[in-house]
Amino acid sequence: MRQSAALLLDSQIRDWVVLPLLVLMIAAGLLRSSVGKYLRPPPKPIKAVNARAKSALLRSSRLRGGAGGYISGGKWEARRVAWSAREGHNNTADGWLRQESARADGENKLQKLNEEESSNGLDPALASALPPGMGDPSAMMDGMKGQMAAMVQNMVMMNGISHFFRGFVLVKVPFPLTKGFKQMFQRGLYDLTTLDTSYVSSVSWYFLVMFGLRAFFRLAMGQPLQEEVEGYEVQKELGVEHAGAGPAAQFDAPKALKAEADNLELMTSRSRRFNVDEAEKKLLGKRYPKKSRGQMGGGEDVLFGLSSGGGKGKVSASSKQKSS
């Protein structure tokens with residue numbers, strides 16, 4: 001098979017087509033990100049009941065982890081019982097986590113009644129016709145506005161480049177490619193069937209730069225791309241966390257608090273070490289007094305050389321010897 005001859009690309013193509021297209025793509029990406037911020041709706045506030053439940057779960061998780069070693073074993077056990085106790089067990093009332101679970105359940109029921117009365121601001125017939133879990137269509141439209149703006153921008157730029165730079169051979173990649181890449185690298189050059197696949201047309205250069213600059217924008221702006229953010233918002237409104245994933249699980253505050261109380265109830269302090277209880281021992285080291293049995297203390301522990309009952313017996317015996 002005869003190899004095609006190498007083409008000598010004019011330097012003016014680099015100066016007046018390649019570099020301007022690169023600068024134009026960077027400016028368009030930055031403009032798209034700025035416009036997307038204005039089109040993006042403000043974040044929805046977290047429900048008060050969910051915020052309160054998540055704060056309680058965070059405190060409980062810290063307690064389950066040993067409270068960072070900042071409290072003693074006795075205080076840890078007291079908090080564990082106070083947070084996870086069951087009503088009627090040892091004549092105690094419900095623990096703090098179980099009270100929060102009941103409170104969250106009541107607030108959710110009240111909020112559900114209010115939402116049913118207002119029907120989320122929709123027509124009752126339209127709200128009843130929506131599939132379960134779909135949510136408010138106006139919320140999905142907020143994310144689709146940004147995607148529509150990006151789509152229109154890409155269509156305008158692609159048509160403009162195809163109109164003004166049709167038939168241009170811009171660059172050549174520094175490695176050989178197979179014929180399968182010809183359609184991707186040489187859009188608009190279908191008449192040049194013998195041209196080497198390594199040469200890139202103007203429209204293909206636009207697509208390569210558009211997809212290649214995503215990492216640059218992520219590094220320059222230090223945040224996810226506007227297209228990714230808008231896509232995640234639409235998927236979240238549709239009940240999908242990521243593409244191909246199952247339905248997103250909603251946060252159930254009463255259920256989470258009850259499960260946390262059950263987990264905390266099953267824990268014990270026997271398998272844990274508390275740094276506060278061992279602080280004196282670490283400070284004194286070998287000088288820390290050890291417990292020993294006194295010879296005349298009747299089996300009582302001696303601490304610092306003194307016993308609770310043995311010392312008095314020794315004094316009385318020595319006084320009797322002196323008096324005799």
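Determine which single condition Glu116 fails, assuming it passes every other condition in (1) in a helix (DSSP H, G or I); (2) surrounded by 12 or more Cβ atoms within 10 Å (Cβ to Cβ); (3) at pLDDT below 85.
(2)
Picking from Glu230, Glu265, Glu260, which residue would you name as being at pLDDT below 80 and either small (Gly, Ala, Ser) or touching a helix residue (DSSP H, G or I) at 6+ places or on another chain (Cβ under 8 Å) (or both)?
Numbers: Glu265 fails: at pLDDT below 80; Glu260 fails: at pLDDT below 80.
Just one listed residue meets the conditions, Glu230.
Only one of Ser101, Ser138, Ser61 is part of a helix (DSSP H, G or I), modelled with pLDDT of 90 or more, hydroxyl-bearing (Ser, Thr, Tyr) and under 31 Å from the mean Cα position of the chain (by Cα); which?
Numbers: Ser138 fails: modelled with pLDDT of 90 or more; Ser61 fails: modelled with pLDDT of 90 or more.
None of the other options fit; the residue is Ser101.
Return yes when Arg14 is modelled with pLDDT of 90 or more and charged (D, E, K, R) and no when it is not. I'd like the intermediate steps shown before the answer.
Values: modelled with pLDDT of 90 or more: no; charged (D, E, K, R): yes.
Against the criterion (modelled with pLDDT of 90 or more and charged (D, E, K, R)), Arg14 does not qualify.
Regarding Leu8, is this residue at pLDDT 80 or above, among the aliphatic types (A, V, I, L, M) and exposed (fewer than 15 other Cβ atoms within 10 Å of the Cβ)?
Values: at pLDDT 80 or above: yes; among the aliphatic types (A, V, I, L, M): yes; exposed (fewer than 15 other Cβ atoms within 10 Å of the Cβ): yes.
Here the answer is yes, as Leu8 does meet what is asked.
Restricting to the stretch 97-119, give me the number of residues that are within 13 Å of Ala56 (Cβ to Cβ) and of a type outside the set (Lys, Arg).
So the answer is 6.
Within the stretch 36-54, is even one residue assigned to a helix (DSSP H, G or I), in contact with a helix residue (DSSP H, G or I) (Cβ under 9 Å, 6 or more places away or on another chain), among the hydrophobic types (A, V, I, L, M, F, W, C) and within 27 Å of Val152 (Cα to Cα)? Reasoning before the result, please.
Residues of the stretch 36-54 assigned to a helix (DSSP H, G or I): 36-39, 48-54.
Next cut, in contact with a helix residue (DSSP H, G or I) (Cβ under 9 Å, 6 or more places away or on another chain) only: 36-37, 39, 48-50, 52-54.
Within this subset, residues satisfying the condition of being among the hydrophobic types (A, V, I, L, M, F, W, C) are 39, 48-49, 53.
Adding the requirement that they be within 27 Å of Val152 (Cα to Cα) leaves 39.
Checked against the condition, which is being assigned to a helix (DSSP H, G or I), in contact with a helix residue (DSSP H, G or I) (Cβ under 9 Å, 6 or more places away or on another chain), among the hydrophobic types (A, V, I, L, M, F, W, C) and within 27 Å of Val152 (Cα to Cα), the stretch 36-54 yields at least one hit.
Of Val209, Val156, which residue is assigned to a helix (DSSP H, G or I), in contact with a helix residue (DSSP H, G or I) (Cβ under 6 Å, 6 or more places away or on another chain), of a type in the set (A, V, I, L, M) and under 18 Å from Gly29 (Cβ atoms)?
Values: Val156 fails: in contact with a helix residue (DSSP H, G or I) (Cβ under 6 Å, 6 or more places away or on another chain).
Answer to the check: Val209.
Taking only pairs six or more apart or across chains, which ones have beta-carbon atoms under 9 Å, a first residue in the stretch 44-71 that is free of Cβ contacts under 8 Å to residues at least 24 places away in the same chain and closer than 16 Å to Phe274 by Cα, and a second residue that is part of a loop (DSSP other than H, G, I, E, B) and aromatic (Phe, Trp, Tyr)?
Ala67/Phe274
The values are calculated or read from the model by the stated rules, or taken from the named source; none is laboratory data. As the structure is a computational prediction, the values presented were derived from the model and not from experiment. Here Cβ is always computed from backbone atoms with ideal geometry, including for glycine, and neighbour counts include all displayed protein chains.
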